[in-house]
Amino acid sequence: MSELAPAGIDEMAFATAHRVLDLAEIARRNGVEVGKYYVGLGQRRMSVAAEDEDPVTMGAEAARAVLDRAGVAGVRTLVFATESGVDQSKSAGVYAHRLLGLPAHCRVVEIKQACYSATAALQFGLGLVAREPSEKVLVVASDIARYRLGSAGEPTQGAAAVAFLVGANPGLMAIEPVSGIFTAEIDDFWRPNGMSEALVDGKLSLEAYLGALEGAWGDYRSRGGAGFGQIDRFCYHQPFAKMALKAHARLHELAGSDAPAARLDAGLALSREVGNSYTASLYLGLLSLLENDPEDLSGRRVGLFAYGSGCVGEFLAGIVQPGYRTRLRPERTLESLVRRVPVGYEEYRILHELYERPAAQDYGTAAATDGPFRFAGVSGMARRYERRA
Ligand code: COA
């Protein structure tokens, strides 16, 4: 059998919602010292969805940035990974497919397993590319993290999307074939049908995350995966920055390594600003690492740990490709952050409630954002999206 060409992540881009709330506003409201959020959770601000945006508009915006550079040639599959889907039947990806002007000869599907599904999408993409190396798979990971107002989860909300192309001879990161997997059914976090906010047993979710890390790492190592000391950087699913730090400390301990654990700072920068983005968050971490690490990471191995409550965990690794920096646009990422309009607690609360409008009732939305795509409302009980000129 001939050797397969390396495959992995070729292009990557980020988008976030157009409003931003400083966590000091929530701390004040909840009578909590702000240090608990800034230091205890490691989070600073969170993106908040305006009235005319949702996971589809954010995902399409990130994907458009990818396709503007890479073009659509070879893209025959779009996998939309989300746990904040906007319809029980129709894929969010089909809306994005039209907004992006993708060709009809493109299969589209939405996948879900809490914050894990973008990694399943990456694996599906790698499988398709191994079968036909001329094809590319567009993965869009997009989520709005929502918890009940006043709950312990409230400061760990957020909204963002990451889109990436999976292809042969990738420009950013070649994914190594070995991966470690761990699945166990548990009620740490879930969102029953008809609810727009997640239910969570916060403390149990921390334990479940760390248990899945242990299980996935053990599987990864037993299948010939690299040792802790052979991995130059680590990115973890980051519902809040402190969780990634806890995970890293646990892995360091599990590996029994004497070496100091590599610092995670560069990979945490972006999500400290946008908050939890559920399934996008690991790839937000990867983009943040590639854009912000001061060292040239060419040829370096990056370990990735995906965790989706419920729960599924996967540990995998990739090698950063020479010339990767020429593929990145950190100024675009920064622009997405600075153009967000700050809101105070009252406006945030109104937006939080507006998001819960009944799905099967017609309404229009005000044009509140200036992104390339907007959610125009519901008519004939179906969601309507517009593309700006
Ligand atoms: N200054 C600095 N740090 C402070 C502080 C202060 N004034 N007050 C508290 N802290 C620290 C605590 O010591 C703790 O740090 P530690 O975990 O390193 O010990 C941290 O802030 C959080 O405090 P805690 O009391 O544990 O918070 P909580 O119980 O109110 O909520 C979660 C924390 C994560 C359980 C909650 O945000 C949640 O449910 N989030 C959603 C679920 C989630 O994201 N799960 C992750 C796995 S998917």
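The values are calculated or read from the model by the stated rules, or taken from the named source; none is laboratory data. Only a predicted model underlies this, so the values are computations on that prediction, with no experimental measurement involved. Neighbour counts run over all protein chains shown; Cβ positions are idealised from the backbone, glycine included. These area figures cover heavy atoms from the full protein model, side chains too; ligands, DNA and RNA do not enter into them. Shrake-Rupley method; radii C 1.70, N 1.55, O 1.52, S 1.80 Å.
Relative contact order for the chain: what percent, with Cα pairs under 8 Å and sequence separation of 6 or more?
Dividing the mean separation by the residue count of the chain yields 24 percent.
Packing, as the average of other Cβ atoms within 10 Å across residues, places the peptides 235-241, 91-97 in the order 235-241, 91-97, highest first.
Contact order, relative form, for the stretch 1-52: 42 percent (alpha carbon pairs under 8 Å, 6 or more residues apart, mean separation divided by residue count).
Here the peptides 359-369, 46-56, 116-126 are ranked by packing, the mean other Cβ count within 10 Å, and the order with the highest first is 46-56, 116-126, 359-369. The charge dipole of the stretch 270-364, taken about the Cα centre with unit charges on the Cβ atoms of Lys, Arg (+1) and Asp, Glu (-1), comes to about 320 debye, rounded to the nearest 20. Per-residue ellipticity at 222 nm from helix content only, as computed over the chain with -39500 (n - 2.57) for each DSSP H run of at least four residues, stands at -10000 deg cm²/dmol. All other residues whose Cβ lies under 11 angstrom from that of Ala152 are scored, Lys and Arg at +1 and Asp and Glu at -1, for a net of +1. Pro342 sits among other residues whose Cβ lies under 10 Å from its own Cβ, and their net charge, with Lys and Arg +1 and Asp and Glu -1, is 0. Ligands, DNA and RNA are left out, and with a 1.4 angstrom probe the accessible area of the chain is 41 Å² per residue. About its Cα centre, the stretch 151-297 has a charge dipole of approximately 40 debye under the convention of +1 per Lys or Arg Cβ and -1 per Asp or Glu Cβ, with nothing else charged. I'd like the distance between the alpha-carbon centres of the stretch 66-93 and the stretch 294-318, rounded to an integer number of Å. Here the two parts' Cα centres lie 22 Å apart. Scanning residues 5 or more positions from Arg300 or on other chains, those with amide H under 5 Å from its amide H are Val320, with H placed 1.01 Å from N in the peptide plane. The residue list Ser257, Tyr348, Thr279 was ranked by how far each Cα lies along the charge dipole of the stretch 237-389 toward its positive end, using unit charges on Cβ atoms, and Thr279 comes out on top. Loop-resident GluC sites (Glu not before Pro) (DSSP state other than H, G, I, E or B) in the stretch 106-202 with no more than 10 further Cβ atoms inside 10 Å of their Cβ: Glu185. Only protein atoms count toward the accessible area here, which uses a 1.4 Å probe; on the stretch 206-339, the carbon and sulfur part of that area reaches 48 percent.
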